[in-house]
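Asker: Structure below; questions to follow.
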Amino acid sequence: WMIIFGDCLHNFSDGLAIGASFTSSLTTGIGTTIAIFFHELPHEIGDFVILRKNGMSFKHAVLFNILSSILC
């Protein structure tokens, strides 16, 4: 559960960074969004693997990853 909670906080701060960058300019916002996407992709895959290795079912691991990503 600590992985999911930490991921929620991490994704929320990513969302704040994306929002702040779009207030600067559209180009900065798009660049920040792309950078965060490529940062988050391996991060979310790693979280998924950790959840699966600790006994969570495939469906639950996907569901909790999606729910934590919504905070972004």
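Asker: List the number of the failed condition for SER68; all other conditions in (1) touching a residue at least 60 places away in the same chain (Cβ under 8 Å); (2) open to solvent by 50 Å² or more (accessible area, probe 1.4 Å); (3) under 13 Å from TRP1 (Cα atoms) hold.
Answerer: For SER68, the failing item is (2).
Asker: Could you grab me the full set of residues in the range 55-72 that are at pLDDT 90 or above and in a loop (DSSP other than H, G, I, E, B)?
Answerer: Within the range 55-72, GLY55, MET56, SER57 qualify.
Asker: Could you list all residues from the range 1-46 that are outside any helix (DSSP H, G or I) and within 14 Å of PHE64 (Cβ to Cβ)?
Answerer: TRP1
Asker: What number of residues in the range 18-33 are open to solvent by 90 Å² or more (accessible area, probe 1.4 Å) and within 14 Å of the chain's Cα centre (by Cα)?
Answerer: Qualifying residue count, the range 18-33: 0.
Asker: Of the residues in the range 43-62, how many are more than 17 Å from PHE12 (Cβ to Cβ) and either open to solvent by less than 80 Å² (accessible area, probe 1.4 Å) or touching a residue at least 60 places away in the same chain (Cβ under 8 Å) (or both)?
Answerer: The total comes to 10.
The values are calculated or read from the model by the stated rules, or taken from the named source; none is laboratory data. No experiment lies behind these values; they were computed from the predicted model shown. Reconstructed Cβ throughout: ideal geometry from the backbone, glycine too, with neighbour counts over all protein chains shown. In case anyone asks, the SASA skips ligands and DNA or RNA and just uses the protein heavy atoms, side chains included. Shrake-Rupley method; radii C 1.70, N 1.55, O 1.52, S 1.80 Å.
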